[in-house]
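The values are calculated or read from the model by the stated rules, or taken from the named source; none is laboratory data. Since this is a predicted model, take the numbers as computed values, not measurements. We place every Cβ from the backbone using ideal geometry, glycine too, and count neighbours over all the protein chains shown. To get the accessible areas, we keep the full protein, side chains included, count just its heavy atoms, and leave off ligands, DNA and RNA. Shrake-Rupley method; radii C 1.70, N 1.55, O 1.52, S 1.80 Å.
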Amino acid sequence: MRRKVIAGNWKMNMLPSDTIKFMEEIDPLVKDSKNEVILCVPFTDLFYAINYTRDIPYLHIGAQNMHYEESGAFTGEISPEMLTSVECEYVIIGHSERRQYFNETDESVNLKVKAALKHGLKPIVCVGETLEQREAGNAIQVVNTQITKDLDGLTLDDLSNIIIAYEPIWAIGTGKTATKEDAEEVIKAIRDMVRELFSNDDVPILYGGSVKPENAKELFTMPNIDGGLVGGASLKPDVFEKIVNFDK
Ligand code: 13P
């Protein structure tokens, strides 16, 4: 059986002092969960989060973006090695907010995914359609194209180090969650596509977009949905804990 993964994406929220407080509070609340818990924090919080969780096997830390180049004149960017130098484990790649506001394309996402894997970072690769694309009946075609391009050139070994997140753009931060049937349909299509590409589909595929304690269980117990990538509801330990412990 595939593992369940609950990942938080703090986006541009939380200072180091908030981070330490969050880790202290979440730690005892998720200690007994058999689900993998990942928190993707701002760069300035990474050191603090990793320092706190270093000896805690059930809390994993990730970044939210990185550049694909190793070093150079890229003002304001962060390299894979900078992330590994602070023992960062995961990195979100291709979040729709990066694609929408910072011009990321499937080509740059693919370069980033390869660079992350080369440096021993585990990418959480995000895909998802806009409302327009969904209404035109193109959701599955859109995510299949993204998956094919974003994972181009990866090996079967690489597949065991990645996580995929399906985040329909219209469901992010809107309070509008995809129905469990809609999310399952697209995630199953992504799994079929992964199998076609790698002759293997053993990869966690998460749902993201207005996940909250009230809908976590119905989503995460669908056959192909292996957990969630959680934005707003990952900022408060007592709320996030309920999502991590959806199966209790
Ligand atoms: P919300 O959970 O706030 O809708 O955000 C989802 C998301 O973008 C996680 O990466």
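Can you pull out every residue in the range 111-136 that is closer than 13 Å to Pro168 by Cα and over 17 Å from the mean Cα position of the chain (by Cα)? Scanning the range 111-136 gives Thr130, Leu131, Glu132, Gln133, Arg134, Glu135. Taken as a whole, the condition of being surrounded by 19 or more Cβ atoms within 10 Å (Cβ to Cβ) and not in a loop (DSSP other than H, G, I, E, B) does not apply to Asp27.
Listed here are the residues, each with its yes/no results for (1) open to solvent by 70 Å² or more (accessible area, probe 1.4 Å); (2) among the basic types (Lys, Arg); (3) closer than 22 Å to Val5 by Cβ; (4) touching a residue at least 40 places away in the same chain (Cβ under 8 Å).
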residue: Val143; (1), (2), (3), (4): no, no, yes, yes
residue: Ile147; (1), (2), (3), (4): no, no, yes, yes
residue: Gly153; (1), (2), (3), (4): no, no, no, yes
residue: Leu156; (1), (2), (3), (4): yes, no, yes, yes
residue: Ile164; (1), (2), (3), (4): no, no, yes, yes
residue: Ile169; (1), (2), (3), (4): no, no, yes, yes
residue: Lys176; (1), (2), (3), (4): yes, yes, no, no
residue: Lys180; (1), (2), (3), (4): no, yes, yes, yes
residue: Glu185; (1), (2), (3), (4): yes, no, yes, yes
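Within the range 140-198, the set of residues being among the small types (Gly, Ala, Ser) and under 20 Å from Ile225 (Cβ atoms) comprises Ser160, Ala165, Ala171, Gly173, Gly175, Ala178, Ala183, Ala189. Test Ile190 against the criterion of being free of Cβ contacts under 8 Å to residues at least 60 places away in the same chain, under 23 Å from Val143 (Cβ atoms) and of a type outside the set (S, T, N, Q), and give yes or no. When the stated conditions are applied, Ile190 does not pass them. Elements of the type helices (runs of 4 or more DSSP H) sitting completely within the range 70-143 and holding at least 1 residues that are within 16 Å of the ligand (Cβ to nearest atom), farther than 23 Å from Asp158 by Cα and out of contact with any helix residue (DSSP H, G or I) (no Cβ under 8 Å at 6 or more places or on another chain): these cover 96-101. Scanning the range 205-242 for residues being open to solvent by 10 Å² or more (accessible area, probe 1.4 Å) and either away from the ligand (no atom under 11 Å from the Cβ) or in a helix (DSSP H, G or I) (or both) gives a total of 17.
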